[in-house]
Amino acid sequence: MPNVDLKFILTCDNAFFSEREKKLNIIGVFDIINTIGFPAVHPNMSIVVSCNVNAGNHEEFIIMKKNNYTFLKDGVKFNKIIEGNHQIIHNIRNLMINSEDDIVIEVYVDNKETPIGKEIIKVKKIEHA
């Protein structure tokens, strides 16, 4: 198993790397999705994973679950020339939300059996004003 140290997982409205400096830009961090009813569609979400990995070829992927049911999987392969920090952005479009059940995001690197970390997004039905 590779040496992997998770730095963070976060959910936000948008994330991208600047064109010139390759800096990570994060806009609108959240851990709760509020809706006035179901079904609801969350139009745009980015999941950012930052971890330290050893040099070599790696595969990183996320799994999104509700009530232990996997409803989305997204992954990337990358080659890390030297050991160090690596940041990955997963862009999720038009996420369908059917209930107030929590959304669990699990992150895996190379080892498909054990997640290196997880993030929970609460889903809340609110009364509109």
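Looking at the stretch 74-95, which of the residues that are surrounded by 10 or more Cβ atoms within 10 Å (Cβ to Cβ) and polar (S, T, N, Q) is modelled with the highest pLDDT?
Ranking the qualifying residues of the stretch 74-95, first place goes to 91.
Under 9 Å between Cβ atoms, which residue pairs at least 6 apart in sequence (or on different chains) link something in the stretch 111-129 that is closer than 16 Å to residue 4 by Cβ with a partner that is of a type in the set (Ser, Thr, Tyr) and not in a strand (DSSP E or B)?
none
What are the pairs with Cβ atoms under 8 angstrom where one residue, in the stretch 67-84, is among the β-branched types (Val, Ile, Thr) and the other, located anywhere, is part of a loop (DSSP other than H, G, I, E, B) and surrounded by 12 or more Cβ atoms within 10 Å (Cβ to Cβ)? Sequence gap at least six, or different chains.
Note: pairs meeting the criteria are 81/55; 82/55.
Can we say residue 61 is loosely packed, with under 15 Cβ neighbours inside 10 Å and under 28 Å from residue 124 (Cβ atoms)?
Answer is no for this residue.
Report whether or not residue 71 is over 15 Å from the mean Cα position of the chain (by Cα) and surrounded by 12 or more Cβ atoms within 10 Å (Cβ to Cβ).
In short, no.
If you go through the stretch 88-118 one residue at a time, how many are more than 30 Å from residue 54 (Cβ to Cβ) and part of a strand (DSSP E or B)?
Qualifying residue count, the stretch 88-118: 6.
Select, from 63, 92, the only residue that is touching a residue at least 40 places away in the same chain (Cβ under 8 Å) and in contact with a Lys or Arg (Cβ under 6 Å, 6 or more places away or on another chain).
63
Taking residue 121 as meeting all but one of (1) modelled with pLDDT of 95 or more; (2) not in a strand (DSSP E or B), write down the number of the exception.
Residue 121 satisfies all of (1) modelled with pLDDT of 95 or more; (2) not in a strand (DSSP E or B) except (2).
Return the total of residues in the stretch 96-117 being acidic (Asp, Glu), surrounded by 12 or more Cβ atoms within 10 Å (Cβ to Cβ) and farther than 17 Å from residue 8 by Cβ.
The total comes to 4.
For the stretch 67-75, check the following and say yes or no: at least one residue is of a type in the set (A, V, I, L, M, F, W, C) and over 16 Å from residue 104 (Cα atoms).
No, every residue in the stretch 67-75 fails to be of a type in the set (A, V, I, L, M, F, W, C) and over 16 Å from residue 104 (Cα atoms).
Hey, could you check the stretch 1-56 for residues that are acidic (Asp, Glu) and modelled with pLDDT under 95 and say which is surrounded by the most Cβ atoms within 10 Å (Cβ to Cβ)?
Ranking the candidates gives 5 first.
The values are calculated or read from the model by the stated rules, or taken from the named source; none is laboratory data. Keep in mind the model is a prediction, meaning the values are calculated, not measured. Don't worry about glycine lacking a Cβ; one is built from the backbone with ideal geometry, like all the others, and counts go over all protein chains shown.
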